[in-house]
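Here the structure is laid out as structure tokens; the discussion comes afterwards.
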Amino acid sequence: MIQIGFIGYGSMGSMLLQGFIKSGVITPEEIIISTRTKSKLEDIKNKYPGINTANNNSDAAKNAKYIFVCVEPLTVKEVLAEIKDSLSSESVIISIAGTVSIKNIVDLTRTKVVKLIPSLTSEVSEGISLVCYNEQITDEEATYIEALLNGISRVKRIKEDDFGLATELTSCAPGFFAAILDEFVQSALRQNSALSQKDIEDMVIQTFYGTAKVLTEQHMSFSEMVRRVATKGGITEEGVKVFNAELPETFDKMFEVTLNKH
Ligand SMILES: NC(=O)c1ccc[n+]([C@@H]2O[C@H](COP(=O)([O-])OP(=O)(O)OC[C@H]3O[C@@H](n4cnc5c(N)ncnc54)[C@H](OP(=O)(O)O)[C@@H]3O)[C@@H](O)[C@H]2O)c1
């Protein structure tokens with residue numbers, strides 16, 4: 001039997017598959033893949049000659065122990081219905097759709113289930129993968145899954161009830177941060193300087209990267225960072241006062257909208 005099956009090779013499916021191979025935890029020969037657009041399978045074969053491709057989702061599911069379901073949320077149930085007769089009691093379904101519950105999947109498939117929320121940051125082997133297991137998953141299976149995920153991220157086990165907020169903080173956050181930085185850049189562009197957009201973007205991105213490095217490598221708290229930069233009576237202090245006054249309402253509103261959508 002092949003170790004790992006992938007169903008769906010889009011943004012997340014390709015990131016996980018390529019990340020697992022690159023990390024060296026698994027080889028292409030240990031993977032079988034199926035996706036909707038069959039021509040994509042040829043490209044994957046060219047890139048990873050030893051990889052196994054399946055004619056349909058059921059074949060991928062039948063031949064693998066761990067099956068990563070990486071299709072759009074609205075397609076998950078259709079795919080599970082398609083593969084359920086190809087699963088055994090030892091199959092492990094790993095679903096990355098935040099809006100589909102473990103219970104939904106167990107009800108449909110009667111097998112072992114893992115809920116996983118990856119983050120785009122795993123493209124550079126950074127960030128956090130969130131996981132939650134149903135009771136049928138053994139310690140050995142959980143250890144194997146975490147060995148895979150540790151190759152591309154840090155792993156955090158959380159309760160399924162906490163997935164909503166945690167997903168915002170790890171998986172949606174790259175999109176949120178990019179949107180915030182874009183507003184920062186657009187506002188800088190409105191300030192009538194001779195700096196080009198490229199100059200401004202370079203300054204912002206490099207400084208954001210450096211800030212994240214200082215926070216993580218020196219275990220510096222947010223308040224310590226603010227204190228170190230915002231000298232009393234200086235310019236940063238004035239800017240921070242504006243954020244403190246304006247941003248709580250904006251972020252509360254954002255969480256209200258996004259958490260309601262879950
Ligand atoms: N994007 C993120 O940052 C992120 C983060 C965490 C979780 N997620 C979750 O990850 C899942 C996938 O998201 P994504 O961003 O990777 O979406 P995506 O880029 O649209 O990829 C979806 C893939 O599913 C494949 N597919 C669709 N229907 C199929 C079927 N019936 N059988 C086999 N394959 C099928 C598509 O195949 P073809 O391309 O071959 O047509 C496509 O490759 C979603 O549930 C999403 O909520 C996404």
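Tabulated data
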quantity: Test: residue in the range 2-11 that is free of Cβ contacts under 8 Å to residues at least 60 places away in the same chain and either away from the ligand (no atom under 12 Å from the Cβ) or β-branched (V, I, T) (or both); calculated: no
quantity: In the range 17-46, the residues that are within 13 Å of the ligand (Cβ to nearest atom), assigned to a helix (DSSP H, G or I) and among the aliphatic types (A, V, I, L, M); calculated: L17, L41, I44
quantity: Yes/no for I152 being within 21 Å of A64 (Cβ to Cβ), within 16 Å of the ligand (Cβ to nearest atom) and either modelled with pLDDT under 95 or part of a loop (DSSP other than H, G, I, E, B) (or both); calculated: yes
quantity: Meets criteria (in a helix (DSSP H, G or I) and either touching a Leu at 6+ places or on another chain (Cβ under 6 Å) or surrounded by fewer than 22 Cβ atoms within 10 Å (Cβ to Cβ) (or both)) for K103; calculated: yes
quantity: Exclusive hit being surrounded by 10 or more Cβ atoms within 10 Å (Cβ to Cβ) and more than 30 Å from I158 (Cα to Cα), set R227, R190; calculated: R227
quantity: Given (1) in contact (Cβ under 8 Å) with a residue 40 or more places away in the chain; (2) part of a helix (DSSP H, G or I); (3) within 10 Å of the ligand (Cβ to nearest atom); (4) crowded, with 22+ Cβ neighbours inside 10 Å, index of the condition T121 fails; calculated: (4)
quantity: Among the candidates A97, A81, A142, residue that is at negative phi, near the ligand (Cβ under 10 Å from one of its atoms) and either part of a helix (DSSP H, G or I) or not charged (D, E, K, R) (or both); calculated: A97
quantity: The one condition in (1) part of a helix (DSSP H, G or I); (2) under 16 Å from I96 (Cα atoms) that T207 fails to fulfil; calculated: (2)
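The values are calculated or read from the model by the stated rules, or taken from the named source; none is laboratory data. From a predicted model like this one, the values you see are computed outputs, not experimental measurements. Note that we place each Cβ from the backbone using ideal geometry, even for glycine, and neighbour counts take in every protein chain shown.
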